[in-house]
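Each remark here refers to the structure printed beneath this line.
The values are calculated or read from the model by the stated rules, or taken from the named source; none is laboratory data. Every value quoted in this text rests on a predicted model; they were computed, and no experiment measured them. Counting neighbours? That spans all protein chains shown, and the Cβs are built from the backbone with ideal geometry, glycine included. Surface accessibility is based on the protein's heavy atoms, side chains included, excluding ligands, DNA and RNA. Shrake-Rupley method; radii C 1.70, N 1.55, O 1.52, S 1.80 Å.
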Amino acid sequence: MQIFNASAVLNVGRLTYNPSLCLPHLTVTSFDKLIIPFKIPGHEHATIRGVVLDKDNCFAKDKDDKVWPAYSDIWTKLQETYPKEHLLIVSNSAGTNDDGNYEQAEKLERDTGVTVLRHPTKKPGCHEEIMAYFAKHGIHKPSEIVVIGDRLFTDMLMANMMGAWGIWLSEGVELSNKIWCKMERGLYDRLVKSRDSPLSPPTPGVDQSEESKL
């Protein structure tokens, strides 16, 4: 069971002065709509080597620990395209301190064949643990990593905080009616679809002071 997420509460405050930090670089409705290998429109030069995967309502139904059956083909393609050590599940349930003896993480690894990050700090604040994991496997640049998830205030905020790419699943396995999810969708529409000054996320690997001049 997930408990209070202090990391999210503390880091969401960043959005008051830079709301673009919660925006994705690419939006698709669900996991089976992903194009593998990953390419970000407008940034085809980017080389993506590491993949961070959220679990709940991303590749699995909420509170489930196996790949949603409709996603089995795309899951297989993901594993065939990227080395096992370059795929990492980062959940705010499995692998956290809420997960006693990491039993859920171990079950998830058995069911999916993908490593689950053990992290005491929940998303979006665990980006240092993510980079430490990938550094052990030869990936040292956050601009070579993509984060895939269904939440703007955790998954996409974390992607931008760490200087990675973010792909947002706007519906996921099923469209959530939870208040935070509805709030995120409303905020996304206001920020991206604004007629006056639509926002876009920071570009990984680009100095933000330089990007602001573009």
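Using a 1.4 Å probe and ignoring any ligands, DNA or RNA, find the accessible area of Asp98 and quote it in Å² to the nearest 10.
The accessible area of Asp98 comes to roughly 40 Å².
What are the ³J(HN,Hα) values, in whole Hz, obtained from phi via the Karplus relation 6.51 cos²θ - 1.76 cosθ + 1.60 with θ = phi - 60°, for each residue of the range 152-159 in sequence order, with x given for Gly and Pro?
6, 7, 10, 5, 6, 4, 5, 4
I'd like the distance between the alpha-carbon centres of the range 74-116 and the range 122-195, rounded to an integer number of Å.
With the range 74-116 and the range 122-195 each reduced to a Cα centre, they are spaced 17 Å.
Can you pull the one-decimal nm distance between simple spin-label points at Lys182 and Glu103, each 7 Å off the Cα toward Cβ?
3.5 nm
Express the accessible area of the range 5-158 per residue in Å², computed with a 1.4 Å probe while the remaining protein chains stay in the model.
43 Å²
For helix 103-112, report the angle its Cα long axis makes with the longest principal axis of the Cα atoms of the chain; keep it between 0 and 90° and round to the nearest 10°.
90 degrees
Cross-link candidates for Lys61: which aspartates and glutamates have Cα within less than 12 Å, leaving aside residues fewer than 8 places away along the same chain?
By straight Cα distance, Lys61 reaches Asp150, Glu171, Glu174.
Once you mark the chymotrypsin sites (Phe, Trp or Tyr not before Pro) that are in a DSSP loop and have at most 11 other Cβ atoms within 10 Å, what is the longest gap between them in the chain?
18-214
Report, to the nearest whole %, how much of the accessible area of the range 16-191 belongs to carbon and sulfur atoms, 1.4 Å probe, protein only.
Roughly 52 percent of what the probe reaches on the range 16-191 is carbon or sulfur.
Would you mind checking the pairs Lys77/Lys141; Lys141/Lys182; Lys66/Lys123; Lys84/Lys193; Lys141/Lys193; Lys84/Lys107 and listing those with alpha carbons more than 28 angstrom apart?
Where the Cα-Cα span goes over 28 Å, the pairs concerned are Lys141/Lys182; Lys84/Lys193; Lys141/Lys193.
If you take Cα Rg over 2.2 N^0.38 Å from the coordinates, which of [x] 0.96; [y] 1.02; [z] 1.09 do you get?
Computed from these coordinates, Cα Rg over 2.2 N^0.38 Å corresponds to label [x].
Looking only at trypsin sites (Lys or Arg not before Pro) in DSSP loops with at most 11 other Cβ atoms within 10 Å, what is the longest site-free stretch of the chain?
64-135
Which is the longest stretch in the chain that no exposed loop site breaks, taking sites as GluC sites (Glu not before Pro) with a DSSP loop state and at most 12 other Cβ atoms within 10 Å?
That gives 45-173 as the longest site-free run.
On a 0 to 90 degree scale, rounded to 10, what angle separates helix 179-192 from the longest Cα axis of the chain?
With both axes taken from Cα atoms, the answer is about 40 degrees.
Add +1 for every Lys or Arg and -1 for every Asp or Glu among the other residues with Cβ under 10 Å from the Cβ of Glu171, and state the total.
Result for the neighbourhood of Glu171: 0.
Spin-label point model (7 Å from Cα, Cβ direction): what's the Glu129 to Lys39 distance in nm?
Here the answer is 3.5 nm between the modelled labels.
Output the 0 to 90 degree angle, nearest 10, between the alpha-carbon long axis of helix 72-81 and the longest principal axis computed from the alpha carbons of the chain.
Approximately 80 degrees, to the nearest ten.
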